[in-house]
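Written below as structure tokens is the structure these notes are about.
The values are calculated or read from the model by the stated rules, or taken from the named source; none is laboratory data. Remember, predicted model here, so these are calculated numbers, not experimental data. So basically every Cβ, Gly included, is an ideal-geometry build from the backbone, and we count neighbours across all protein chains shown.
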Amino acid sequence: MYEEPYRWIEAVGNRRQYLDEQFAKGSPVVALAYADGILVLTASRGTPKLYEIYDRIALGGMGHPADLEKLRFSLLEMAHVEGFNRSPSDVTGARLMKYGLAPTIKQAFEEIYKAPFIAKILLAELGVKPERNLFLSINYDGNFEEGQGCAALGATASVQGRMRRYVESQPAFAQASLAQAVELALCTWAVGSLAQAASESTAAESSSTQLSEEQTEGDGSSLPDKAALKSHWNVSCWSAEGLDRPNIARFVLRNWAVCCLRLSAHRPPPNMLNRIFGLETEYGLLVNQDRPDHSPSWVAQRIRDHIFHVERRGVLDLHHRGHDEPPGNGGFLTNAGRIYLDMGHLEYASPECTTLADLVASDRAGDRIIQDAVRALGLDETVSLIKNNIDHETDATFGSHENYLVTRQFPFSRRGLGPLVTFLVTRQVFTGAGRIGCASDPNEWVQVGGLILHRPGLRDAQDRSIVPFQISQRADYIVNDFFEWVQHNRAIVNTRDEPLADPNQYRRIHLLCGDSNMAEYATALKMGTTGLVLQLIEAGQAPRGLGIHEPVEALQDISRDPDRRWIVRLESGQSMSAIDIQEQFLAAAQRHCKGQDEETDWVLEQWESVLTDLRGGYEKLVGRIDWASKLWLLETYREAEQCAWDDPMLKSLDLEYHNLHPERGLCYGLEEEGRGPRLTTDKIVHLAQDHPPRNTRAFGRGELVRHLLASGGGGIVSDAPLDFEEQMACEYIINWSNFKLRGTAPFFMADPFKTYVQDVRSHLAAR
């Protein structure tokens, strides 16, 4: 709203006078319901003050930027906790106002020795039905009101009343189109802006803090005509003379100086049959040369630098992406994926894919890019690149993260996620990568209430020393059912909300409980079956009554079961095998998903085939399922050499199964022998190293990276942290859902299903 320093003494000593004075300088906010949802709009040359809070709830505000941010973050935290511990339906605008905003603002205002919040806030909540739309406004003293149809924020109650009267004077505004709603909102904003400018006694007008109808209806002054209003918002904010209604809407929605949030309950959900998939893989490095300058982290840096500086496969980040990702830590590739260093390890994130074929090709393309760099550096005789999830020497674990796009309507609560937890606990019977032994130190961090505590070792009843082989590599390191961290207290379902897309439409399911798969078949089956289960949950068709008692223990029990009976105890007290549970999910998917597309039918067919073969013995799955292939290789070696499970050679063979060297990797050997089915070809993988999928926004991002490489960009990296202004002056900033080139406005790619390739080309041409 303003940039002047916060005058604390005045704020405390003359609270109302000081606050009224500040709001006279602000830009009004208008919210109204229209045919397809709710429109919230303000106009400002400074920072826009409109935000999504939770699913169908938007926030607009006037006030000090720091105060607005504090209040916004408190609402986000409250919404996240209630939405997860209760259900998303429990997160309402009324609860956020009554139990979040109102007590906080009122307490600060009434404590005479504490500075009040310089903030007026409007919450707009989109109802399930149009008649349930709700608007809540709160004044700086904590008094609030609620209403329907429209709402406004202005310097005074009188200004707010004039704005509301203008909206209500327009015929049938609730049935307006988006273009008509935008024009009406702009005119309403102009009513408030003109009223504030004309007032000579703003402070006196708002001496009473209650935002009541008595105040607002008392102002009987006439309202300006539409021509005067259009002239005002043209002069005050931008010039848009000659634009017709559709163009006005498009212009406003895309203008950098205007923040406009549209929430629509009536918009049909995107086609999620082919959903967005993504994989992230951390790689292990074995250095077979005893030199102090050849540590795994040193080798990882060499590989990264070679990929970006020598092979020029992508452009490095020029800005901080986080406290542990400084400039130059990694960057985007021409195939629109990312390679970067994470905790000293090389990590590859695939581009966005809508098909399993593209995902498998992109995943293996990352393997090849990094392995090719090892060979080009002359390190292939001394360095082994390993795609697994454990370090047998240090018991460290490397991540394999799965990403699935879902709609905002996905029931992301403990109750709604129950079927997903059951599925994930039991799917390891065909997705596990297998390992020798157990982690020697299972201690991890666990949340108890609001505290993060150190968890003792796993149950004493299970003697870890007698577990020679287990089917999952990550099971030992999962210690909670739900949690938001990814490095500590790892959970079956990660709860952080980072959609990397339009947050009003999408959510990203981020899983870190699975293993990295070498077999293409296993990768496709893992991602495909999980995608179908998410579809069942979205449609309310997931099997019921299968909640598992102690899911974390069940996850580890299944992984370590030497008899491979895989029996788990349900919350009902019954016991079932993991295969039986999986067959119930399969039956539900066959009823509701069969025939929707070729890939779905392939997944259903192979899912049934794998479960059938599991009942007949793991040998039938060699080449298709990683843990079965590895166990067969290890048992074959043990029989030939007559060695025990603690033989060091077995651990070496365990790792060699995951070696990405095409001539040493045991998984590749099975493929060459015809025992491991390929879903790609070497030619397809080679193309995927440089080219992104052509039906997602990855296509547009790849076009951008190619342009920057052709223009000579991507090679200069600052070692010093950059502040916001310095970041804005960078040659480029690239993120998953947006990018910015120096001298241009940010370019947003909020829809991952859109390629944006023509838009990117036009943006680059106009630079």
Options E77, E69: the member that is modelled with pLDDT under 85 and under 29 Å from the mean Cα position of the chain (by Cα): E77
The range 115-170, residues that are under 21 Å from H64 (Cβ atoms) and assigned to a loop (DSSP other than H, G, I, E, B): A115, P116, F117, I118, N139, Y140, D141, G142, N143, G154, A155, T156
Hits in the range 70-105 - residues which are of a type in the set (D, E, K, R), more than 18 Å from E498 (Cβ to Cβ) and in a helix (DSSP H, G or I): K70, E82, D90, R95, K98
Residue in the range 158-169 that is surrounded by fewer than 22 Cβ atoms within 10 Å (Cβ to Cβ), under 40 Å from the mean Cα position of the chain (by Cα), modelled with pLDDT under 55 and closer than 18 Å to V40 by Cβ present: no
Test: residue in the range 515-536 that is farther than 26 Å from R591 by Cβ and hydrophobic (A, V, I, L, M, F, W, C): yes
Complete set of residues in the range 105-139 that are surrounded by fewer than 21 Cβ atoms within 10 Å (Cβ to Cβ), within 30 Å of Q409 (Cβ to Cβ) and touching a Lys or Arg at 6+ places or on another chain (Cβ under 9 Å): G127, V128
Scan of the range 580-621 for residues that are outside any helix (DSSP H, G or I) and not charged (D, E, K, R), ordered by number: G595, Q596, G617
Set A58, A35: member being assigned by TED's automatic domain parsing to the domain that holds I105 and modelled with pLDDT of 85 or more: A58
Checking S295 against (1) surrounded by fewer than 24 Cβ atoms within 10 Å (Cβ to Cβ); (2) in contact with a helix residue (DSSP H, G or I) (Cβ under 8 Å, 6 or more places away or on another chain), the condition it does not meet: (2)
Residue within the range 628-649 that is crowded, with 17+ Cβ neighbours inside 10 Å and in a loop (DSSP other than H, G, I, E, B) present: no
Exclusive hit being farther than 20 Å from R435 by Cα, in the same structural domain as T755 (by TED's automatic domain parsing) and buried (at least 17 other Cβ atoms within 10 Å of the Cβ), set L679, L708: L708
The range 299-320, residues that are assigned to a strand (DSSP E or B) and surrounded by fewer than 22 Cβ atoms within 10 Å (Cβ to Cβ): none
